[in-house]
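K.L.:
Before I ask anything, let me first share the structure, which is written out below as structure tokens.
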Amino acid sequence: MPGILTYALHYEGAINKNSLGAVSEAAKLSKELGSQCDVVVLGGDDLSEELCQSLGGYGAQTVYRVKGPEGLAQPVVDAMAKIMEDQGHDYALFGGGLLGFEIGAGLAARLRAGVTMEVTEVRVEDGKLAAERPILQDSMISTSRYENRGIIIGRLNAFEASEPDGSSATVQDVEVQFSEFSTKATMIERGEQRGADVNIEDADFLVAGGRGLGKPEGFQLAEDLADALGGAVAATRAVVDAGWYPYAAQIGQTGKTVAPKLYLAAGISGAIQHKVGMQSSENIVAINKDANAPIFEFSDLGVVGDLNKILPKLTEAVKAKKAG
Amino acid sequence: MKICVLVKEVPDAAVEKRIDPSTGRLDRSGERNLNPYDTHAIEAAMQIREGGSDVEEIVAVTMGPESAVRALHKAVSLGADRSVHLSDDSLAGSDVAATGYALAKTLQRESPDLVLLGQQSDDGECYTIGAVVADHLQMPSLTQVIKLDVEDGAKLRCERQAEYGYDTVSVEMPAVISVGDAINEPRYPSLKAIMGAKKKPLDAVAAGDVGIESDHVGEAGSQVQCGDFKPPPEKAGGEIIEDEDTDETVEKIVAWLDERKLL
Ligand SMILES: Cc1cc2nc3c(=O)[nH]c(=O)nc-3n(C[C@H](O)[C@H](O)[C@H](O)COP(=O)(O)OP(=O)(O)OC[C@H]3O[C@@H](n4cnc5c(N)ncnc54)[C@H](O)[C@@H]3O)c2cc1C
Ligand SMILES: Nc1ncnc2c1ncn2[C@@H]1O[C@H](COP(=O)(O)O)[C@@H](O)[C@H]1O
């Protein structure tokens, strides 16, 4: 029976939310295909029977549990390639996340399969999967179809986790001989939190700052406005990686997903990996000096101008309005 | 240590990219340039050399049509010692897996200790070539690296942001590393370097020269078909304010927010 194999990432005893989305999506699609959805997990003793079985609630049938290092892609490629070949899965599907890109690409190379990334929709057509992905900075959508095996890597939040129905998956331990090169990368430290522990998820008003703030001190402008609005400050990966603002404030693919009442972006270009974390905000306002910045394509109010001129006056005007 | 840097020629960011409906491929006419993300990979190689590691050679490698030579010249002006250009009609229409395979074959001939590449190509936006190349070369690999240090000349200490925060990973060389754009601030080439770039050795190779199996590449060797190009669902365009008089601009923003009961 052909089927879909997915990978579930876990950390500190919990399965990743994007992985649960992938399992749910694969379960839905495999039902339409008349096949089954199975899952691979890699880790140590933290992969309890119970945790693995719980994937059944999202539609997984067999959970293949492999002893191995968690958080690195290549050992997972070894495991998934072996299981796909032994069991005859036709597709691998991943939720949006960094590791899915690496594993999916490695699998495509190993199995000589077709691969599509940033997928926003998958459907069944004549008994096969077809995947849609936006291309050229989201200005077009293209559909991928696969010659033989297909590897589908979702965009962040593209696949939603279903309500678990309490079913339990069969857990099967599998021994995998890792490739020599797969063992040559080793995790020294995982999940380090850099900077202060700020809370942006509960804020109704977010002022988000990007590289356009110019320097770390530029965040003061964002903080002043956030204070006036009664909200919090968020950031892009570019400025977090540069050490200007704490990681806990990052929005996007490898950061948080938010949907506040107001999302005001200052000096943010609007890269896809940022957009996926904030596009469901109720009201999006962007200030950017470049009229061609992609963020203007998905903002409700776009202001073309220099944030250094606009933000201080805006803060004063908001304060005045609230006081009045 | 020998470093190969993968570079790609892409349409200039200022030019509108489009699909040619007759071929279903990216329209390659118009201004083209070195993929900006790849300048970070070249800069990373330069910093390894300048940081005291013994780097014998930095080689820029590309796969692309004739015009891609310009991307190689740019890469050389930024610091590469020489370049390799894989070009062959049979490669046209290769998908991600086929492109990665062809690049891996080309790299094999160079036996690099380290392959560096950019986090994404401006046109393809696949984020994945590195992992494909690494699997074919049987080398460990990591993407999105924003800090890269050579240890004992044989290992790399890499930092990157992953799903749960920052990961620090030790990678034995030979390895394939794709670097994030926060890793460094690429230098500008000097006029002298720009003028001299065309004189540096450029090795033009065809698919057969590097042992590429023709049924693994090009349209025929690609395992995924892309088609049915369509525009995304129409979204009502937002309002735009051009800031000419900032007091007025701010007044308009406040009115807009107030209308939506956000103040
Ligand atoms: C796998 C992967 C995962 C990623 N994950 C994330 C993620 O989780 N979150 C994320 O945010 N990004 C992520 N990225 C990075 C993303 O692609 C972008 O690089 C990043 O979002 C850009 O940040 P930015 O908008 O601050 O910077 P830039 O793209 O440099 O934009 C700065 C903007 O500021 C404007 N500007 C400059 N000066 C001024 C001024 N004085 N006034 C007004 N405007 C000004 C400029 O016009 C420009 O548009 C990821 C990338 C990859 C490949
Ligand atoms: N045709 C190519 N020739 C050389 N390098 C490439 C090519 N395509 C992609 N790359 C490299 O792979 C990186 C990631 O590209 P992509 O996976 O297409 O987003 C780019 O930054 C380049 O370094």
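The values are calculated or read from the model by the stated rules, or taken from the named source; none is laboratory data. Please read these numbers as outputs of a predicted model, since none were measured by experiment. Positions of Cβ are generated from backbone atoms using ideal geometry, with glycine treated the same way; all protein chains shown enter the neighbour counts.
K.L.:
Output yes when any residue across the stretch A:304-319 is near ligand 1 (Cβ under 10 Å from one of its atoms) and either in the same structural domain as A:Leu98 (by TED's automatic domain parsing) or farther than 13 Å from B:Ile253 by Cβ (or both), and no when none is.
P.N.:
Checked against the condition, which is being near ligand 1 (Cβ under 10 Å from one of its atoms) and either in the same structural domain as A:Leu98 (by TED's automatic domain parsing) or farther than 13 Å from B:Ile253 by Cβ (or both), the stretch A:304-319 yields at least one hit.
K.L.:
Anything in the stretch B:124-147 that is buried (at least 24 other Cβ atoms within 10 Å of the Cβ) and more than 14 Å from ligand 2 (Cβ to nearest atom)? List them, or say none.
P.N.:
B:Met139, B:Pro140
K.L.:
Among the residues of the stretch A:72-88, is any in contact with a Gly (Cβ under 6 Å, 6 or more places away or on another chain), surrounded by 22 or more Cβ atoms within 10 Å (Cβ to Cβ), under 23 Å from A:Leu33 (Cβ atoms) and within 14 Å of another protein chain (Cβ to nearest Cβ)?
P.N.:
no
K.L.:
Which numbered condition trips up B:Pro112, out of (1) away from ligand 1 (no atom under 16 Å from the Cβ); (2) touching a residue at least 12 places away in the same chain (Cβ under 8 Å); (3) surrounded by fewer than 20 Cβ atoms within 10 Å (Cβ to Cβ); (4) not in a helix (DSSP H, G or I)?
P.N.:
Here B:Pro112 meets the rest and fails (3).
K.L.:
Checking the structure you have, find out if any residue of the stretch A:280-301 is over 16 Å from B:Ile241 (Cα atoms), more than 10 Å from every other protein chain (Cβ to nearest Cβ) and more than 8 Å from ligand 1 (Cβ to nearest atom). Lay out the reasoning, then the answer.
P.N.:
Within the stretch A:280-301, the subset over 16 Å from B:Ile241 (Cα atoms) is A:280-282.
Pick out the ones that are also more than 10 Å from every other protein chain (Cβ to nearest Cβ) and you get A:280-281.
Checking which are more than 8 Å from ligand 1 (Cβ to nearest atom) leaves us with A:280-281.
Taking every residue of the stretch A:280-301 in turn, at least one turns out to be over 16 Å from B:Ile241 (Cα atoms), more than 10 Å from every other protein chain (Cβ to nearest Cβ) and more than 8 Å from ligand 1 (Cβ to nearest atom).
K.L.:
Any idea which of A:Asp138, A:Asp126, A:Asp165 is within 16 Å of ligand 2 (Cβ to nearest atom), surrounded by fewer than 23 Cβ atoms within 10 Å (Cβ to Cβ) and either more than 7 Å from chain B (Cβ to nearest Cβ) or among the charged types (D, E, K, R) (or both)?
P.N.:
A:Asp138
K.L.:
Tell me, yes or no, whether the stretch A:193-200 has at least one residue that is facing chain B (nearest Cβ under 7 Å) and surrounded by fewer than 17 Cβ atoms within 10 Å (Cβ to Cβ).
P.N.:
Step one: filter the stretch A:193-200 for residues facing chain B (nearest Cβ under 7 Å), giving A:193-194.
From the residues that got through so far, the ones that are surrounded by fewer than 17 Cβ atoms within 10 Å (Cβ to Cβ) too are A:193-194.
Yes.
K.L.:
Which residues, taken from the stretch B:213-263, are in a loop (DSSP other than H, G, I, E, B), in contact with a Leu (Cβ under 8 Å, 6 or more places away or on another chain) and touching a residue at least 24 places away in the same chain (Cβ under 8 Å)?
P.N.:
Result: B:Val217, single match.
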